[in-house]
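K.L.:
The structure's right below; bear with me while I get my questions together.
The values are calculated or read from the model by the stated rules, or taken from the named source; none is laboratory data. Note that the structure is a prediction, hence the values are computed from the model and not measured. Cβ placement follows ideal geometry from the backbone for every residue including glycine, while neighbour counts extend to all protein chains displayed.
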């Protein structure tokens, strides 16, 4: 009898477990389908092996966005600014109350949770409150997307006052009984639940309202961190509610794109008005889309022939003496032509070399000039006729953090590809010593504002540390053909000899002129000798 009861209990537990697991699966796919086909879990935690290299590059300085860093003691100061931004957003549409915003976010709260790779321990009330405050801060602070915030002390005297919104922000606790039965009672409490309310921002060490350029610099640094993101559709929801009464308003994504373009103005971008990014998950993803290469090189699968010695001579003539027609070949065709030998040799290494080594082999290093007819991104490196054109790379104090978070984005989610990782893998070897930095800075390829050239090479070394990047022959990345092309050029004995000859004997124009005159005299002597022999053997 006891055995029968035990079997029944196990059966009941099994049914509960099956029911629970099916419910979780259905919940996952319901959130997936409600996201218009976009995959979820695009906001990940930075892997531990990357944090070991430099943890500071992934941590916010003054601002917490999203649940991962929420509540950190060193970021509490900016929470007051978020409440001021919320008050400003509420005053944009006096016909709506705080309840309308909370109700709208509450309906998409579950979908927002699925954007994070780790479980969020925050309850619904705190999570919805955090999403609302962070969204309002981004809307107000991102280059004045919806205007500048009105100081609280001036709200009573300037413009039309919205009593509902003011009371909502000033009160320590507001309870909302939603008419929608799916929205339960939500309590909006001040973020300072466990902290004494400060008298002013100076209680936290500085006054945000009187901040200068350093404040904007730190804010943008923090907004581009992988762990400091919220789904962009949350921000759009708040924006659409706040400006629902405006007859004419620009789409929010266009305004955000304009602002990010201005922030990334030091980097060349291959996008124009017709192909600007539109579908992005969050701000770091938008930054990633702007820096992606504008072209993809295809693999070579067709039978190939050896390049003749005559073709080498023609190429070297064009390279050193500007001989032959000056016509611009298609870049893809050039790479296919120069890669013929190296793809036949399976033993060629799949890595890059230092800029100084390429220079000594005769590779001419140039800055790829950006123009209306030649739009390219930072990653669009070009190699043709012995000339390696690299887009100008401007380096400042935020560059390392930005690219580390972009690499972390790719390393944690294969959907974003490996273009940034491949570029950094190239640059970490291309710029591995201070001599490389000096050479590239002289060519205008690198422009940096760091203290020394050694810091630049050390930065690229750190960027390439502990990243997973497959150099194998079976793997593919957008610089793979370029890698083989440069290696084939580097290992060519003829290229090495011509580079040595040019560097040691033709660098001086007078010496080059003397050598050229000697060659002319030698050729004339040979021709005269030939005619003399012919006249002797066949006299008239």
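K.L.:
Does segment 313-327 contain at least one residue that is in a helix (DSSP H, G or I) and at pLDDT 90 or above?
P.N.:
Within segment 313-327 (the criterion being in a helix (DSSP H, G or I) and at pLDDT 90 or above), the answer is no, since none of the residues qualifies.
K.L.:
Looking at segment 42-76, which of its residues are in the same structural domain as residue 226 (by TED's automatic domain parsing), more than 26 Å from residue 459 (Cα to Cα) and assigned to a loop (DSSP other than H, G, I, E, B)?
P.N.:
Answer for segment 42-76, where residues must be in the same structural domain as residue 226 (by TED's automatic domain parsing), more than 26 Å from residue 459 (Cα to Cα) and assigned to a loop (DSSP other than H, G, I, E, B): 65, 66, 67, 68, 70, 71, 72.
K.L.:
Let me confirm something: among 430, 416, 468, 460, which residue is buried (at least 21 other Cβ atoms within 10 Å of the Cβ) and more than 17 Å from residue 401 (Cα to Cα)?
P.N.:
Answer to the selection: 430.
K.L.:
Any idea which of 203, 216, 178 is outside any loop (DSSP other than H, G, I, E, B) and modelled with pLDDT under 50?
P.N.:
The unique qualifying residue is 203.
K.L.:
Oh, and also: Quick check, is residue 499 surrounded by 15 or more Cβ atoms within 10 Å (Cβ to Cβ), over 21 Å from residue 406 (Cα atoms) and at pLDDT below 85?
P.N.:
Considered against the rule, which asks whether it is surrounded by 15 or more Cβ atoms within 10 Å (Cβ to Cβ), over 21 Å from residue 406 (Cα atoms) and at pLDDT below 85, residue 499 comes out as yes.
K.L.:
Let me ask something else. Which residue pairs have Cβ atoms under 9 Å apart, sit 6 or more places apart or on different chains, and have a first residue in segment 238-258 that is assigned by TED's automatic domain parsing to the domain that holds residue 102 and closer than 20 Å to residue 278 by Cα and a second that is part of a loop (DSSP other than H, G, I, E, B) and modelled with pLDDT of 90 or more?
P.N.:
Once the first residue is assigned by TED's automatic domain parsing to the domain that holds residue 102 and closer than 20 Å to residue 278 by Cα and sits in segment 238-258, its partners that are part of a loop (DSSP other than H, G, I, E, B) and modelled with pLDDT of 90 or more give 253/280; 256/280; 257/280.
K.L.:
Looking at (1) out of contact with any strand residue (DSSP E or B) (no Cβ under 7 Å at 6 or more places or on another chain); (2) in a loop (DSSP other than H, G, I, E, B), can you tell me which one residue 380 breaks?
P.N.:
(1)
K.L.:
Is it the case that some residue within segment 330-350 is in contact with a strand residue (DSSP E or B) (Cβ under 9 Å, 6 or more places away or on another chain), at pLDDT 85 or above and under 30 Å from residue 264 (Cα atoms)?
P.N.:
Scanning segment 330-350 turns up no residue that is in contact with a strand residue (DSSP E or B) (Cβ under 9 Å, 6 or more places away or on another chain), at pLDDT 85 or above and under 30 Å from residue 264 (Cα atoms).
K.L.:
Quick check: is even one residue across segment 262-278 surrounded by fewer than 21 Cβ atoms within 10 Å (Cβ to Cβ), part of a helix (DSSP H, G or I) and on the phi < 0 side of the Ramachandran plot?
P.N.:
Yes: segment 262-278 contains one or more residues that are surrounded by fewer than 21 Cβ atoms within 10 Å (Cβ to Cβ), part of a helix (DSSP H, G or I) and on the phi < 0 side of the Ramachandran plot.
K.L.:
Then there is this: Kindly evaluate residue 57 against the criterion of being crowded, with 20+ Cβ neighbours inside 10 Å and at pLDDT below 90.
P.N.:
When the stated conditions are applied, residue 57 does not pass them.
K.L.:
Filtering segment 369-394 down to residues that are surrounded by 19 or more Cβ atoms within 10 Å (Cβ to Cβ) and farther than 14 Å from residue 430 by Cβ, which residue is modelled with the lowest pLDDT?
P.N.:
386
K.L.:
Here's something else I'd like to know. Using beta carbons and a limit of 9 Å, which pairs, at least six apart or on different chains, have the first residue in segment 273-295 and without any contact (Cβ under 8 Å) to a residue 60 or more places away in the chain and the second one in a loop (DSSP other than H, G, I, E, B) and buried (at least 20 other Cβ atoms within 10 Å of the Cβ)?
P.N.:
286/280; 289/280
K.L.:
Among the helices (runs of 4 or more DSSP H) contained in segment 390-469, which hold 2 or more residues that are farther than 18 Å from residue 365 by Cα? Show your work before the answer.
P.N.:
Details: elements: 399-412, 419-430, 434-442, 453-463.
Fully inside segment 390-469 and qualifying: 399-412, 419-430, 453-463.
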